[in-house]
Structure formats: structure tokens, C-alpha cells
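A short write-up of the structure that comes next.
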Amino acid sequence: MTKFIGPEYLIGNAFIYLTDGRCVELKIINKYRLALQKYWNLNNRDALIWGEIKDAIYDYCDYFSFIPSGKNTGTIILNSDISIDDLKHRFVWYLPTGINKDFEIVAKSLS
């Protein structure tokens, strides 16, 4: 059965595993999304990131903000009151076992 993963998990895990800062460019998120989907396909994981990045930013505005810099470009900002532990609690612990580790594995391959 396919596991549908919201893009908010992609964003949260990008802050955990891809950056030491409090911002990440949208193009990095899109690259992470493609690499993760490719990894799942190659490893027979029945998972799919489903949804729009901008909708996830809006829906999770208590975690993230967005600064546009052009058409389909911009930077996602981690809100100042959110810690990495907050992100792990919300965007790692609720993922199915195995898939939660995939986010870290793929991020390391992109670094």
C-alpha cells in the first residue's frame, strides 16, 4: 500500500539533515524531493511525496515562512521559535519506520 508523505515532511527533514542554518532554497527542496523519490523507486519503497511545497509552507506557517525571489524560486525560513528537536518531533517521529531513515540517507548523499 502506497504511503503518501506530505511535503511538510520534506521541508522539515531538509532543515534537520541538509542545512545547519535556518533557511533553505526552494531549488534544494525540489532536488531533495527528486532524489528521495528516486531512492524509494530503486529500493522498492511504496512511498510518494504528495502535495505542493507552497501549500505545506502555508499550512505549517507556525514552523516555516517563505520569501519569494522570482517565479518558482525563493527561500524557506525556519521560524525563530522552532528548534531542530521540534522538527524531529513533528516531522520524523510520525513517519513510518524505514521511510524516516530514508530522509537522512538521501540527504547525506546530496551533501
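Residues considered: LEU78, LEU36. Of these, the only one that is touching a residue at least 40 places away in the same chain (Cβ under 8 Å), hydrophobic (A, V, I, L, M, F, W, C) and farther than 25 Å from MET1 by Cα is LEU78. When each of LYS101, LYS108, LYS31, LYS27 is tested for being open to solvent by 90 Å² or more (accessible area, probe 1.4 Å) and under 11 Å from the mean Cα position of the chain (by Cα), the lone residue that passes is LYS31. Criterion first (without any contact (Cβ under 8 Å) to a residue 24 or more places away in the chain and exposed (fewer than 12 other Cβ atoms within 10 Å of the Cβ)) does LYS54 satisfy it? Answer is no for this residue. Scanning region 81-93 for residues that are free of Cβ contacts under 8 Å to residues at least 24 places away in the same chain and open to solvent by 50 Å² or more (accessible area, probe 1.4 Å) yields ASP81, ASP85, ASP86, HIS89, TRP93.
Among the residues making up region 35-44, those that are open to solvent by less than 90 Å² (accessible area, probe 1.4 Å) and not small (Gly, Ala, Ser) are LEU36, GLN37, TYR39, TRP40, ASN43.
Just one of the numbered conditions (1) farther than 16 Å from GLU8 by Cα; (2) in contact with a strand residue (DSSP E or B) (Cβ under 8 Å, 6 or more places away or on another chain); (3) in a loop (DSSP other than H, G, I, E, B) is not true of THR97: (2).
The values are calculated or read from the model by the stated rules, or taken from the named source; none is laboratory data. From a predicted model like this one, the values you see are computed outputs, not experimental measurements. So basically every Cβ, Gly included, is an ideal-geometry build from the backbone, and we count neighbours across all protein chains shown. Ligands, DNA and RNA are excluded from the accessible area calculation, which covers all protein heavy atoms including side chains. Shrake-Rupley method; radii C 1.70, N 1.55, O 1.52, S 1.80 Å.
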